[in-house]
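Novice: One structure follows; several queries about it will come next.
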Amino acid sequence: MRSEEQLIKPVNSRRTNYKNVAFTAWLTLSYYMKRRKQSAFTERIELFFVLLVVLSIVLECNARNLGVATGNLFRLIVEGRRKTFYKQLYSMTVFMTMSSLYISAKSYCTGCLARLLRSMLTEALNDKYFGAGAFYRLNQVVDNPDQRITADVNEFCASLITTIEKFVLSPVLVVIYSRDAYKTNGLLAIILIYVFFGVGVILQRLVMPKLVKLTAHLDNLEGDFRFSHAAVRNESEPIFLSRTGARFRKDVESSFSKIYDHLPLVLSLQFMMNCIGNFFAFVGGVLNYAILYYTADFSLYTPAEISEFINHGSFTTLYLISKLSDFVQIGNHVTAMTAHASRIAEFCRLAEERDYIRQWETAQDREIRAPTILFSGLDIVSPDEQCHIEDFDLRIEQGNHVYITGPNGSGKTSLVRILMRLWRPTRGRVAVLGNAKISCAPQEPIVYSGTLLEQLGLENDYGINDEACRILMAVNLASLPFRTGGMSKSWPRARWMEMLSPGEMQRLVLARVLLESPHFAILDEATSAVDMPTEKIIYEEFWKRGITTVTIGHRMEPALMEQIAILVTLDGNGGHVIRRKGEELVFGHTGRRSTPGITSTRLD
């Protein structure tokens, strides 16, 4: 997690920020092009984009007609032409009604377009996030990856649509209304409007960059605050049972206090921005009438013509200022997008980094046809630079069940992380040979939203799956389908966690592994909450199905230990001892911090 100073400090140059915007937009459109042929006509991005542009053009034409009609209305009021006034009023009512429909339709098209773009970009990020297990590493090196996939994607898509729309229309409208202002008020009016507007833009530009940085940091703090509350929600029961609610409250309040302390900086800059914007908005109205007064000779007009002229001139001047604001807002929208695009681009870059260990195979390895796991010359050093294991050599062949034990922090789970390619060894290699299939039951059992069949890794067939029933019976969960409303009754994840005890969740995960029928099952304290008689039944089911177990734990029933072919004992100081069943010879390594001397004990 980066520090506050790093988060506030701009890491990328402006060119890099624009590249990030272009990359994120290209990623979105590239995923759309892949799915375009399969999507329905009403799911086409180009359809909604064309509709959005057409509706925007129609709205501008309608606004222009309303401006002219309002001027005519003022003239008719002064002249007292009642019948013509009612006709003009009727036409204006029609124009306004149509404008309200156009605005609603434009908002609907914008929402549909944002929905499609968000769908494409979310799918792209999900592919990178869940591909090759990148979510594990990203959660270690990136702040709030969930916020990048949710809030950042949503804000980026909304800003992208607004930017494209204004980029297409605003320059054209600025030219059109500049021409109208020149015809109505002359060259001096154009010069005054552009100078007035330019001063406002310069003042805003002095404040905007700092505000964008502080707002981006505020988003990070909001993400940390949500994460603190999510931790309480996800671990509510153990927090309650362990009476640690006060400590978690302290974490939540600490997260919020950072937001509370940071908000005055954001609010002060927003105050400055609002002062500048409101000043120029109100003074713009005064400038409008000043331009009319100094650029027109009202002695040449009748009172009715003066009313019409003032209304037309005001409309043209104010609308020109409005369109100039829209044109400049393109830069502001792009600036706002860069914060979201930079976070998304960093997410993609880190997700594509392959930090997992590669499998190096020698010519001798390629000759092995039987499923085999090979550790060779392995050194494992933890992130805090404490050496877990040194010079670890072990060959596991199918049928040779392994039990790995040792004190807490000795590196037992580190071996699993290396084998499953989550960590990279400091030295040595790990090879999975003979097309071996490996499944793992981690320390923390995982359940998710869905049906019981989906919990077991099976497709919903809305029927009775005989194999699933046999497996559930084998792990002593035969009553589970009756408690959960059948095999195909779907429940949210929170409900599953309420219905199942820790031991039942472990047994459900073990049932999932049994159904996968791997060559090797890595059981990392996977039966710690299971009673010993049930544990014995589960292991016998694994062995009966020909699945080789690699167990990590602190205790095992003696009757089960009789089936263990290899016993690995880690001493917690980098050393280890490997004993094979029926062999007097003990293989081991004394770590640099280990107590010298390895005693030989036969594993019978």
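Since every read-out is calculated from the coordinates, none of them should be taken as a lab result. Model, not experiment: these values are computed from the prediction. Quick reminder, even Gly has a Cβ in these numbers, built from the backbone with ideal geometry, and neighbours come from all protein chains shown.
Novice: As I understand it, the value is the acute angle between the Cα axis of helix 187-234 and the longest principal axis of the Cα atoms of the chain; what does it come to in degrees, rounded to 10?
Specialist: 30
Novice: Which entries in Lys210/Lys250; Lys128/Lys489; Lys489/Lys544; Lys34/Lys489; Lys213/Lys258 show an alpha-carbon gap greater than 24 Å?
Specialist: Lys210/Lys250; Lys128/Lys489; Lys489/Lys544; Lys34/Lys489
Novice: Determine the distance separating the Cα centre of the range 515-536 from the Cα centre of the range 60-122; give it in Å without decimals.
Specialist: Centre-to-centre (Cα) distance: 69 Å.
Novice: Using the Karplus curve 6.51 cos²θ - 1.76 cosθ + 1.60 with θ = phi - 60°, work out ³J(HN,Hα) for each residue of the range 176-181 in order, rounded to whole Hz, and write x for Gly and Pro.
Specialist: 4, 6, 5, 4, 5, 5
Novice: Roughly how tilted is helix 245-295, in degrees to the nearest 10 and between 0 and 90, from the longest Cα axis of the chain?
Specialist: 20
Novice: List the chymotrypsin sites (Phe, Trp or Tyr not before Pro) in the range 461-517 that DSSP assigns to loop (not H, G, I, E or B) and whose Cβ has at most 11 other Cβ atoms within 10 Å. Which are they?
Specialist: Passing both the DSSP loop test and the Cβ count: Tyr462.
Novice: Can you compute the radius of gyration and Dmax for the chain, using only the Cα atoms, both in Å?
Specialist: 34.8, 119
Novice: On to the next question. Can you give me the three principal axis dimensions of the range 114-256 from its C-alpha atoms, in Å, biggest first?
Specialist: Result, largest extent first: 78, 34, 22 Å.
Novice: Which net charge results for the neighbourhood of Ser528, defined as the other residues with beta-carbon distances under 14 angstrom from its beta-carbon, given Lys and Arg at +1 and Asp and Glu at -1?
Specialist: The answer is -4.
Novice: Ok, one more. What is the angle, in °, between the Cα long axis of helix 45-79 and the longest principal axis of the Cα atoms in the chain? Nearest 10 is fine, range 0 to 90.
Specialist: That works out to roughly 30 degrees.
Novice: Per DSSP helix of 4 or more residues, -39500 (n - 2.57); summed, then divided by the residues of the chain. What does that give at 222 nm, rounded to the nearest 500?
Specialist: Taking each H run of at least 4 residues, the total per residue is -21500 deg cm²/dmol.
Novice: What value does the range 4-352 have for Rg/Rh, both radii from Cα atoms and Rh as Kirkwood defines it?
Specialist: 1.08
Novice: Moving to a separate point now. Which whole-Hz ³J(HN,Hα) couplings does the range 307-321 yield from phi under the Karplus relation 6.51 cos²θ - 1.76 cosθ + 1.60, θ = phi - 60°, glycine and proline marked x?
Specialist: 4, 5, 5, 4, 5, 4, x, 4, 4, 5, 5, 5, 6, 5, 4
Novice: Can you run phi through the Karplus equation (6.51, -1.76, 1.60; θ = phi - 60°) for the range 542-556 and list ³J(HN,Hα) in whole Hz, with x for Gly and Pro?
Specialist: Per residue, the Karplus-derived 3J(HN,Hα) values read 4, 5, 5, 8, x, 8, 7, 9, 10, 9, 10, x, 10, 8, 8 Hz.
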